[in-house]
């Protein structure tokens, strides 16, 4: 999803800073964008490491100055499904919370001083599983529920600077991160959508871009299920 969001923002003329732990993929995408006439730069970050987040914010502040928006999309999602809540390994639980919850908080804290007053935006990518309660996925669902709660609370604090904080809750997608999801699970999800069929990352990128815009300020604090109507909130 991060790749699709980046590519769409670049097509709209934005300069994008890619921050990820996947160095090879991130550098390749930035190179591809720049070679095609866009503007992107890759920076390494490990959301599980507070010092890595601090280094990233310092690097961005020195090279970019103030920024327009922050999209919190990175998270641990793969390999978590199919486990009953009582069988979840404690180390797995802690790692998911460390990255998905604490990481979202720390990077929002690190970058909020860099966001421009009045037009700064934070978009948190949550999941609709936290709105309806997917079974056998408790660590991930709980982490995304925390992201939803943070979105609401953070919107009130940053709202004093007229900075908007909006959460998106996509549904189950067809992409590399969900290849391990059983086919029957995909089909079940796709059939219950108001607009039946698969969802791919490109289906939500325009919504992300709008949430970064000046016109989205009235949506601050809201959680938008971007799931083609599989769950209506």
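None of the figures in this text is laboratory data; all of them are computed from the coordinates on show. Worth saying up front: this structure is predicted, and the values here are computed from it rather than measured. A quick note on method: Cβ atoms are made from the backbone with ideal geometry, for glycine too, and the neighbour counts reach across all protein chains shown.
Counted by neighbouring Cβ atoms within 10 Å, the residues 46, 94 run from fewest to most as 94, 46. Per residue of the chain, the DSSP helices (runs of n ≥ 4 H) give a summed -39500 (n - 2.57) that works out to -12000 deg cm²/dmol at 222 nm. Classified by the C-alpha gyration tensor, the chain has a rounded form. Its axis ratio a/c, with a ≥ b ≥ c, is below 1.5.
The relative contact order of the stretch 1-131 comes to 25 percent, based on Cα pairs under 8 Å that sit 6 or more residues apart. With contacts taken as Cα pairs under 8 Å and at least 6 residues apart, the chain reaches a relative contact order of 20 percent.
Each of 85, 42 has some number of other Cβ atoms within 10 Å of its Cβ, and from fewest to most they run 85, 42.
For residue 91 and residue 39, what does the FRET efficiency come to when R0 = 41 Å and r is the distance between their Cβ atoms, rounded to the nearest 0.05? Present the calculation step by step, with values, prior to reporting the outcome.
On the way: r = 40 Å, r/R0 = 0.97.
For R0 = 41 Å, the calculated efficiency reads 0.55.
For the peptides 103-110, 192-199, 16-23, residues were scored by their other Cβ atoms within 10 Å and the scores averaged per peptide; the highest-first order is 103-110, 16-23, 192-199.
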